[in-house]
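J.: Sharing a structure with you now.
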Amino acid sequence: SPASPPPLQRFAINFPNSHPQSDLPYLRVALSRDGARMVLAANNGQSRGLYLRNRDRGDFTLIDDTASARVPSFSPDGQWVGYYDQSSGELRKIAVEGGSPVTICKVATPVSGASWATDETLVFATGLEPSGFEAGTGLMRVSTNGGEPEVLTKPDRGQPETSHQFPSVLPGGRGVLFTITAEGNGGTRIAVLDRPSGKWRVLLEGGSGGEYVGSGHLLYVSRNTLHAVPFDLDRLELTGAAVPLVDDVAVARAGAGAPQYAISRAGTLVYAR
């Protein structure tokens, strides 16, 4: 018989010195896949950059040389943090245990989301400006060892789609969840890209920030509420109805839909209120 799930635990994490200043509309929190490490892009009132928190230690530590870092993401093994460096316009990575930043590639527009695959590639989204969403190239992929990025998707202007944002590579690397934004008050949609075919389809309307969790669910935020819906990883399809999980999740903008949460594959959830 299946093992009983562990008891639910909820607790607040206090940021040192002051409440972390948001770098909206950028995503600013990331969890390692095992939930043991969290990185927050923030400003504690004195120092700005990426702050690391290990589950077994409990305190925040500033990662050196990350003052202009945005959009953090963990490598599959949790040993590296990838990020967009706003001052240089580069995608970079840095070892969690210390060291100098390593440039992955130069990007033409700010990055709004990134996700590591197990094949040593990074899927990222472009086209997000501080003043709002601009027409971008959609999703792109690059080797984490460096190289020239390749385009995976382009927004369909006939729909009309404005941008493809917040990618999340699914286990196995075949599929990529992402958010489609539309012009005006067109709202947002969760879609999935089938990487072998290069085709994508919409999974649900009105949500953003899709993530997969090991229980077999797709998580997303709609109207500041985190929802879960059963998801078939093999068919890349929804298989049931959505249920609400957590209220009062921070979202960068109602129209842009950059939800401030992260979840590990094991089910550890962290979010900003």
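J.: Tell me which of THR239, VAL107, ALA117 sits at the most positive position along the dipole axis of the chain, charges placed on C-beta atoms (Lys, Arg +1; Asp, Glu -1).
T.: THR239
J.: Follow-up question, since we're still on this one. GLY187's amide H: which non-local residues (gap 5+, or another chain) put their own amide H closer than 5 Å, with H modeled 1.01 Å from N in plane and none for Pro or chain starts?
T.: So GLY187 has HN proximity to ALA182.
J.: Related question: Assuming R0 = 22 Å, can you tell me the calculated FRET efficiency for the pair THR103 and LYS154, based on Cβ-Cβ distance, to the nearest 0.05?
T.: 0.30
J.: At 1.4 Å probe size, with every protein chain present, just tell me what the per residue accessible area of the chain comes to in Å².
T.: Per-residue accessible area for the chain comes out at 47 Å².
J.: So which trypsin sites (Lys or Arg not before Pro) in the range 153-238 are both in a DSSP loop and have at most 14 other Cβ atoms within 10 Å of their Cβ?
T.: Working: sites: ARG157, ARG174, ARG189, LYS199, ARG201, ARG223, ARG235; in loops: ARG157, ARG174, ARG223, ARG235.
Passing both the DSSP loop test and the Cβ count: ARG157, ARG223, ARG235.
J.: Moving to a separate point now. List, in order, the whole-Hz ³J(HN,Hα) value for each residue of the range 65-74 obtained from phi through the Karplus relation with A = 6.51, B = -1.76, C = 1.60 and θ = phi - 60°; use x for Gly and Pro.
T.: Per residue, the Karplus-derived 3J(HN,Hα) values read 6, 10, 4, 9, 7, 9, 6, x, 8, 9 Hz.
J.: Taking square-rooted eigenvalues a ≥ b ≥ c of the alpha carbon gyration tensor, is the range 65-126 rounded, prolate or oblate, where a/c under 1.5 means rounded and, failing that, a/b exceeding b/c means prolate? Write down the numbers at each step before the final one.
T.: Details: a/c = 1.90, a/b = 1.14, b/c = 1.67.
Oblate.
J.: Quick check: from the Cα gyration tensor, does the chain come out rounded (a/c under 1.5), prolate or oblate? Present the calculation step by step, with values, prior to reporting the outcome.
T.: Details: a/c = 1.35, a/b = 1.09, b/c = 1.23.
The shape class here is rounded.
J.: Per the 1.4 Å probe, what fraction of the accessible area of the chain, in percent, lies on carbon and sulfur atoms?
T.: Details: 5890 of 12730 Å².
Of the solvent-accessible surface of the chain, carbon and sulfur hold 46 percent.
J.: Next question, about the same structure. Restricting attention to the range 48-120, which trypsin sites (Lys or Arg not before Pro) occupy a DSSP loop and are surrounded by at most 10 other Cβ atoms within 10 Å? Each step should come with its number before you reach the end.
T.: Numbers: sites: ARG48, ARG53, ARG55, ARG57, ARG70, ARG92, LYS93, LYS106; in loops: ARG55, ARG57.
Sparse-neighbourhood loop trypsin sites (Lys or Arg not before Pro): ARG57.
J.: Now a separate question. Would you mind working out the magnitude of the charge dipole of the chain relative to its Cα centre, with +1 at each Lys and Arg C-beta and -1 at each Asp and Glu C-beta, to the nearest 20 Debye?
T.: 280
J.: Could I ask something else about it? Quick one: Karplus J couplings for the range 169-174, per residue in order, coefficients 6.51, -1.76, 1.60, θ = phi - 60°, nearest Hz, x for Gly and Pro?
T.: Values, residue by residue: 6, 7, x, x, x, 6 Hz.
The values are calculated or read from the model by the stated rules, or taken from the named source; none is laboratory data. Just so it is clear, the structure is predicted and the values come from calculations on it, not from any experiment. Note that we place each Cβ from the backbone using ideal geometry, even for glycine, and neighbour counts take in every protein chain shown. Side chains included, ligands, DNA and RNA excluded: accessible areas come from the protein's heavy atoms. Shrake-Rupley method; radii C 1.70, N 1.55, O 1.52, S 1.80 Å.
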